[in-house]
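Chemist: Shown below is the structure under consideration.
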Amino acid sequence: MTLLPMLLVSDNGHAFSVGEMGLVFAGMSLVNVLGAQPMAALSDKVGKATVMVAGCGAFSTCMALLPLAQSKPELAGVLTLWSLAVAGMSTAPTAQVVDYAPVSMRAQALALQRVAGDIGMLFGAALAGAVADASGMETAFHTNAGILTAVTAWFLLRRLVDARRGGLPAGSKAA
C-alpha cells in the first residue's frame, strides 16, 4: 500500500491527479466494504485459512501485476482484485483470532491482530521505499509480492503440517 500512491501519481506511473487518486482509493474502499460480508461468509463455509491463503495469493499476484498495468482499465482490474483480496485478508484473520483466543484474552488478541498490519507498515514502508529508490517501483512491487508469497507459503505449509498432526485449534478448519 505504501508504493501504490506513488505509482498512481508519478510521471513514470499513471500520472493521476490528487483527486483521481482519491477516487481510486474510494473505489477500493467500496469494493472492500461490499466484499467484506461475502468474504466472511466464504470463510465460514470453506475455512478461514483457505480464505487467508487465497487472499494473500491474490494480493501477491496483484502486487506483481500492478506495475505492469499500462492502462486505466488494466489498473482498475488489478485494483479491484486487490481490494477483494484485502477483504478476505481482513475478515478471515479476525475471525480466526476470535476462534483461537480464550474469551478472557480476546480483546488483547484482537488488539495484537489489529496492530500487526501497522507493524508491517513500520518496517515494510521503509524497505519498500528503499528498494524503490535503489531499483525502481517495479522491483519494489515484485519484492513485496515475493515476500508475501513466501510468508503465505510458510503459513500454508504450517497449516498442512498441523492438520496432518491433528494439531488444529478447536473451531478451525484445515487450509
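Chemist: Can you confirm whether Ala130 is free of Cβ contacts under 8 Å to residues at least 24 places away in the same chain and under 17 Å from the mean Cα position of the chain (by Cα)?
Modeler: Against the criterion (free of Cβ contacts under 8 Å to residues at least 24 places away in the same chain and under 17 Å from the mean Cα position of the chain (by Cα)), Ala130 does not qualify.
Chemist: Also: I'm trying to understand the selection: among the residues of region 133-151, which are touching a residue at least 12 places away in the same chain (Cβ under 8 Å) and of a type in the set (S, T, N, Q)?
Modeler: Thr143, Asn144, Thr149
Chemist: While we're looking at this one, here's another question. If the requirement is being surrounded by 17 or more Cβ atoms within 10 Å (Cβ to Cβ), under 18 Å from Ser43 (Cβ atoms), touching a Ser or Thr at 6+ places or on another chain (Cβ under 6 Å) and not β-branched (Val, Ile, Thr), which of these qualifies: Ala128, Ala92?
Modeler: Ala92
Chemist: If the Cβ limit is 7 Å and pairs must be 6+ apart or interchain, which residue in region 92-104 that is on the phi < 0 side of the Ramachandran plot pairs with which residue that is surrounded by 17 or more Cβ atoms within 10 Å (Cβ to Cβ) and not aliphatic (A, V, I, L, M)?
Modeler: Within 7 Å, the pairs are Ala92/Ser43; Ala92/Lys48; Ala92/Gly55; Ala95/Ser43; Ala95/Lys48; Gln96/Lys48; Gln96/Ser172; Asp99/Ser172.
Chemist: Collect the residues in region 57-77 that are within 21 Å of Val33 (Cα to Cα) and crowded, with 19+ Cβ neighbours inside 10 Å, keeping them in residue-number order.
Modeler: Phe59, Ser60, Cys62, Met63, Leu75
Chemist: Inside region 3-21, can you point out the residues that are surrounded by 15 or more Cβ atoms within 10 Å (Cβ to Cβ) and either assigned to a helix (DSSP H, G or I) or in contact (Cβ under 8 Å) with a residue 24 or more places away in the chain (or both)?
Modeler: Within region 3-21, Leu3, Leu4, Pro5, Met6, Leu7, Leu8, Val9, Gly13, His14, Met21 qualify.
Bear in mind these aren't lab numbers, they're just calculated from the coordinates by the rules spelled out. Note that the structure is predicted; figures quoted are calculated from it, not measured. So basically every Cβ, Gly included, is an ideal-geometry build from the backbone, and we count neighbours across all protein chains shown.
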